[in-house]
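Input: a single structure, listed below in structure tokens.
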Amino acid sequence: MNRRSRIRDTAGVVAASAVALVAVQGSSAVAESGESRAAERATVCVGTRPTGSPSDPELSLDRLLRYVEKRGETRYARVFTGLAGDDDPRTAHVYRIPSKAFDADVCAHAEKGIRVRLHDTDVTVRRLEALVERTGDRMDRWDGQFDLREVGPDPRGFVFFGVDDPAKADLVLKKELGPFWAKHIRVEYVGSASLL
């Protein structure tokens, strides 16, 4: 089974009082109009911690991403959805069920020059991965209706399905998976299965 994930590796902690949070409307992190519900409102903070490696400030983003992923998989697993990094400008996009404690933890750990955009979702990465596992265990169950070629979680709060016939697959999947999952799947054409 091929899985698609845009989650970058991520890892560290600090007192949460160092960073002010500012609500910002209209997140630009999600370009596709259908995906805006996962990021209609974003909270933005700018790092204030001293840079951990002055000789290579670009590593600041990687350090933050490692930290966020580690915290999201452990202490904040009940709210963590995923993350992505954007090198230009140096921005960490963190997708989570709103949590003041998680937001404060992440923002307090950001080094100078790093922006953090915290995007609202309503699903955890664990639930997304559970759907991927459930689907991946029987990828051939829709044979004759459509060809499922790729499936994987997306940090923005949905599961990606790569298929040969998106229109048919979208109808079948949304009907079979039910109303909750209908809003958490994205179906796209994929020419052939590939290792992502």
Check G52 against each of (1) of a type outside the set (S, T, Y); (2) at pLDDT below 90; (3) surrounded by fewer than 16 Cβ atoms within 10 Å (Cβ to Cβ); (4) assigned to a helix (DSSP H, G or I) and name the one condition it does not meet. (4)
Please count how many residues of region 66-87 are within 14 Å of G157 (Cβ to Cβ) and open to solvent by 10 Å² or more (accessible area, probe 1.4 Å). 2
Within region 122-142, restricting attention to residues that are open to solvent by 10 Å² or more (accessible area, probe 1.4 Å) and more than 16 Å from I97 (Cβ to Cβ), which residue is nearest to the chain's Cα centre (by Cα)? E133
Where residues in region 161-183 are surrounded by 21 or more Cβ atoms within 10 Å (Cβ to Cβ) and touching a helix residue (DSSP H, G or I) at 6+ places or on another chain (Cβ under 9 Å), which of them is nearest to Y95 (Cα to Cα)? F161
Among the candidates R90, R96, single out the residue that is surrounded by 15 or more Cβ atoms within 10 Å (Cβ to Cβ), at pLDDT 95 or above and touching a Gly at 6+ places or on another chain (Cβ under 9 Å). R96
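The values are calculated or read from the model by the stated rules, or taken from the named source; none is laboratory data. Here the structure is a predicted model, which is why all the values come from computation and not from measurement. Please note: Cβ atoms are built from the backbone with ideal geometry, for glycine as well, and neighbour counts cover all protein chains shown. For the accessible areas, the whole protein counts, side chains as well, though only heavy atoms, and no ligand, DNA or RNA atoms are used. Shrake-Rupley method; radii C 1.70, N 1.55, O 1.52, S 1.80 Å.
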